[in-house]
Each structure stands twice: as structure tokens, then as C-alpha cells.
Amino acid sequence: MYLSKIMVSGAACRNPYEIHRVLWKLFPEDVEANRDFLFRVEQSDRTSAAILMQSNREPENASSVARILACREYPLSLQVGQRLRFMLVANPVKMINDESGRRNSEGEPKKCRVPLVREEDQRAWIERKLQDAASLESLVIDPVLPLRFRKDKEDRAGKIQPVGFQGVLSVKEPDSLVGLLQTGIGPAKAFGCGLLSLAKA
């Protein structure tokens, strides 16, 4: 895997969905491949956004809107009992029945995602996500500004309420934790959620 620092400029930096589309262009070799990168907006204003991106492939400077500032290989070598600091911006949600009474093609009530807003629910959510891979030694939960986006092709606007998680974890099952690193945690990955960052404690 690779870790990259990317600078996105122009109108794209004001829409997390557009940031995702711009980052795709850093992998021109196989445009039909499934998305194999995760990202997080580290800092942004109206003209630029600093992005941390993790990818299976090495990105290329193939876009005038997204510029690679740094890129390095990210070796994954974890051991049982290893203590690590972690950081994650995620979209903790739960599924509930659609209140409008809509049903799917099988006649079952449609489900919709609703954000978890109480800290105890957010804590339980991250504990469930990590339970097979690691145990939490400490956890701080921070509010994050809502992500507002627009999908122009669908003429649809929306809002996501991310949450910041950070603290110290202890590795229980290295392969499971590597799997979480590679696939990300929770929904809304196309909007910059789900990237789990680890560092020595």
C-alpha cells in the first residue's frame, strides 16, 4: 500500500464527492478498476484542500487539479499485543425502517441510514467495528463539521455527519486489523470517511 499527501485545488475542493472523482484521475492506468483507495481531508478552505490518501496502487501526477506532494510505501507489519495510536474520521450510522412506509422489491420495509448522535452510541459503534481486530485502551470522540455534497449528474444534494475518533488500541488479531486498514471502516468512503491511521504509541 501507499500513503500520499495530495493538494486539490479549485472548485472540486468545496465538494467531497468531487474530491473523490478527482482522486480517481491519479490512477490512469486502469480506469475500470474498483476503487482501491481511501482518503481524508486534513485541511481545507475555499480554494484548496490537503488530502491524506491510502491506496493499493501508486498514484501518478496525471491531474491538473490534484497534485501529489509526497508518496511513500506503507508496510503493514502488526503483532498481537502491539499498542498503537489511531485516528479515524468515520460516519457512524444505524439502519432503521423507512418511516414513509416504502417497501423493497421483496415487499419488506425499506431501510435507511440515520447518524448516531449520542456519544455512548458512537463509542459502542467503534467498539463493534474493532472488536475482532483490536481492543480500545483509550478513546476520544470529537465532533466534525458536516460534509455537504452535490452529485451534479443526479442533481442531488446531501449531508453527512462525520465523527472523529482517536486514542490508543491494542492489536488482538493482526490480519483482521490489516483488513480494516485496507477496506476502511463504516460507510461514506467516497466522501472521505473510513480511513484508519495508525502510529506507534
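Tabulated data for the structure shown
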read-out: Of Lys172/Lys200; Lys110/Lys189; Lys25/Lys159; Lys5/Lys25; Lys94/Lys129; Lys129/Lys189, pairs whose Cα-Cα distance is over 18 Å; value: Lys110/Lys189; Lys25/Lys159
read-out: Stretchable slack from Ala199 to Ser77, in nm (0.36 nm times residue separation minus alpha-carbon distance); value: 42.7 nm
read-out: Per DSSP, loop GluC sites (Glu not before Pro) in region 46-124 with at most 14 further Cβ within 10 Å; value: Glu60, Glu99, Glu106
read-out: Of Gln82, Ala124, Cys112, farthest towards positive along the dipole that unit charges on Lys, Arg, Asp, Glu beta carbons give region 74-125; value: Gln82
read-out: From phi via Karplus (6.51, -1.76, 1.60), per-residue ³J(HN,Hα) for region 67-82 in Hz, x at Gly/Pro; value: 10, 7, 8, 7, 8, 8, 5, 10, x, 10, 9, 10, 10, 4, x, 5
read-out: In nm, spacing of pseudo-spin labels at Arg67 and Trp24 (7 Å Cα→C-beta vector); value: 2.4
read-out: Cut-off under 5 Å, modelled amide H: who pairs with Gly192 long-range; value: Phe39
read-out: Over the chain: helical MRE at 222 nm, DSSP H runs n ≥ 4 each giving -39500 (n - 2.57), nearest 500; value: -4500 deg cm²/dmol
read-out: Largest-first principal axis extents of the Cα set of region 70-201 (Å); value: 48, 34, 28
read-out: Cβ-Cβ FRET estimate between Gln131 and Thr47, R0 fixed at 30 Å, reported to 0.05; value: 0.15
read-out: Inter-site label distance for Glu173 and Ile96 at 7 Å from Cα along Cβ, in nm; value: 3.1
read-out: Whole-Å semi-axes of the ellipsoid equivalent to region 29-136 (Cα gyration tensor, √5λ, descending); value: 32, 24, 17
read-out: Estimated vicinal HN-Hα couplings, Hz - region 142-147 in sequence order (Karplus 6.51, -1.76, 1.60; Gly, Pro = x); value: 10, x, 10, 4, x, 9
read-out: Extension gain from Lys111 to Arg35, taking 0.36 nm per residue of separation minus the Cα-Cα distance; value: 24.9 nm
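Any read-out appearing in this document is the output of simple, stated calculations on the displayed coordinates, not a laboratory observation. All figures in this text were calculated on a predicted structure; none of them were measured in a lab. Here Cβ is always computed from backbone atoms with ideal geometry, including for glycine, and neighbour counts include all displayed protein chains.
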